[in-house]
Ligand SMILES: Nc1ncnc2c1ncn2[C@@H]1O[C@H](COP(=O)(O)OP(=O)(O)OP(=O)(O)O)[C@@H](O)[C@H]1O
Ligand SMILES: [Mg+2]
């Protein structure tokens, strides 16, 4: 199953009359990893909610494989920035949710949920409730839940923020494996190097719209300093000369 092509054209999103995104144009190719970065409050989570179909646009068009996005779909899975696990369900039962939505038989759900929990390094913790897990462990349960339904598009909002360097690296590798299956990925991150290591393109979101769109060639084992400088400049980071 290939990833979805995402298409935003002249998209404006408002909250209570105040525009957050204005006239945004953006295309994500099937199977592409697009990393999105930008200052806090610029609209990154808003963009993901629009792509997930959770938030209507005030103007413009949003399409997935050419079809207008009118609501949520198991083919477009959103991993939220905030902890979005169901607190009364065990880790296993949380991960099994998208499988239930996909119509997977109950007995098989638990097996597949446990396999995903093992992939994110949580074997043995299947029966824990979210409150009995650490923040980074809950984040990994969310990652497992997002991927378990084999969505054609994965929308991730700072998915690795609460993880130590080594675990983070493992989860980035897992994401690369998922990408290998042809899944389209839109990943929001504040970590410029993470964006440049994972993204086929890195989009910098500023006031209202995109301020930079950088293409990053494969293989990506080290960050190209000139690309990092471009992204940082678009983020408005002060240069060495001016500090
Ligand atoms: N439900 C809402 N009602 C009103 N304003 C909102 C709502 N959700 C978000 N906003 C505002 O819209 C702007 C964009 O929010 P958004 O969550 O998309 O930012 P972000 O880029 O994800 O920021 P961060 O990096 O801090 O997560 C912010 O100014 C925020 O305060
Ligand atoms: Mg956000």
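The values are calculated or read from the model by the stated rules, or taken from the named source; none is laboratory data. Computed from a predicted structure; not experimentally measured. Because the Cβ atoms are built from the backbone with ideal geometry, glycine has one as well, and the counts that use them run over all protein chains shown.
Got a sec? Which of 227, 205, 155 is surrounded by 17 or more Cβ atoms within 10 Å (Cβ to Cβ) and farther than 20 Å from residue 21 by Cβ? It would help to see each step written out before you state the result.
Working: 205 fails: farther than 20 Å from residue 21 by Cβ; 155 fails: farther than 20 Å from residue 21 by Cβ.
Criteria check complete, one pass: 227.
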Scan region 148-164 and tell me whether some residue there is under 26 Å from residue 77 (Cα atoms), in a strand (DSSP E or B), modelled with pLDDT under 90 and within 16 Å of ligand 1 (Cβ to nearest atom). no
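Going through 4, 24 one at a time, which residue ends up being assigned by TED's automatic domain parsing to the domain that holds residue 216 and within 16 Å of ligand 1 (Cβ to nearest atom)?
On the way: 4 fails: within 16 Å of ligand 1 (Cβ to nearest atom).
Only one candidate qualifies: 24.
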Region 161-189, subset within 23 Å of residue 53 (Cα to Cα) and within 16 Å of ligand 2 (Cβ to nearest atom), residue surrounded by the fewest Cβ atoms within 10 Å (Cβ to Cβ): 189
When region 84-120 is examined, which residues are found to be within 24 Å of residue 186 (Cα to Cα) and outside any helix (DSSP H, G or I)? 84, 85, 86, 102, 120
